[in-house]
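Scroll down for the structure; my scribbles are underneath it.
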Amino acid sequence: QVQLVESGGGLVQAGGSLRLSCAVSGNIFAFSFTGWYRQAPGNQRELVAIITNIGSINYADSVKGRFTISRNSAKNIVYLQMSSLKPEDTAVYYCHSKSPLGDEYWGQGTQVTVSS
């Protein structure tokens, strides 16, 4: 059973930084991609950033230049470094992976709150 466990959320002031971690129970290269989504109250879940098994990266326009996705292949961990945080970045952040067969896996989510 694949498990994704997020950590690193918290409360930070606007302009601050946080690093989220997603520990994947398995080889992250077995997935087509692993990434981060977020969901703010009253909003739909939206893509933040993804990294594919071959290292291609995509970001939502709203976070380009401020967030960086990376991975530690040896530890099967995917990170999301968030800088210059804004109040509108406040959301529950979810780690997500998708297998080549289309199976999808989600973590339990970690709360990020940015105060103004």
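Would you check if residue 25 is touching a residue at least 40 places away in the same chain (Cβ under 8 Å) and touching a Ser or Thr at 6+ places or on another chain (Cβ under 8 Å)?
So residue 25 fails the test.
Restricting to the stretch 1-38, count the residues that are closer than 12 Å to residue 82 by Cα and in contact with a Lys or Arg (Cβ under 9 Å, 6 or more places away or on another chain).
Residues flagged as closer than 12 Å to residue 82 by Cα and in contact with a Lys or Arg (Cβ under 9 Å, 6 or more places away or on another chain) within the stretch 1-38 amount to 3.
Does residue 69 satisfy being within 20 Å of residue 26 (Cα to Cα) and β-branched (Val, Ile, Thr)?
In short, yes.
Inside the stretch 1-31, can you point out the residues that are among the small types (Gly, Ala, Ser), modelled with pLDDT under 95 and in contact with a Leu (Cβ under 9 Å, 6 or more places away or on another chain)?
25
If residue 48 passes every condition in (1) in a strand (DSSP E or B); (2) touching a residue at least 40 places away in the same chain (Cβ under 8 Å); (3) more than 26 Å from residue 1 (Cα to Cα) but one, which one does it miss?
Of the numbered conditions (1) in a strand (DSSP E or B); (2) touching a residue at least 40 places away in the same chain (Cβ under 8 Å); (3) more than 26 Å from residue 1 (Cα to Cα), the odd one out for residue 48 is (3).
Return the total of residues in the stretch 54-69 being open to solvent by less than 50 Å² (accessible area, probe 1.4 Å) and either touching a Pro at 6+ places or on another chain (Cβ under 7 Å) or modelled with pLDDT of 95 or more (or both).
So the count comes out to 5.
Just for the stretch 17-45: of the residues that are part of a strand (DSSP E or B) and charged (D, E, K, R), which one is farthest from residue 73 (Cα to Cα)?
Among them, the one singled out is 38.
Looking at the stretch 1-49 only, could you name the residues that are aliphatic (A, V, I, L, M) and crowded, with 16+ Cβ neighbours inside 10 Å?
4, 12, 18, 20, 23, 24, 28, 48, 49
Quick check: anything in the stretch 55-78 of a type in the set (Phe, Trp, Tyr), under 14 Å from residue 23 (Cβ atoms) and touching a strand residue (DSSP E or B) at 6+ places or on another chain (Cβ under 6 Å)?
no
The values are calculated or read from the model by the stated rules, or taken from the named source; none is laboratory data. Because the structure is predicted, anything quoted here is derived from the model rather than measured. Virtual Cβ from ideal backbone geometry, glycine too; neighbours counted across all protein chains shown. SASA here: full protein model, heavy atoms, side chains in, ligands and nucleic acids out. Shrake-Rupley method; radii C 1.70, N 1.55, O 1.52, S 1.80 Å.
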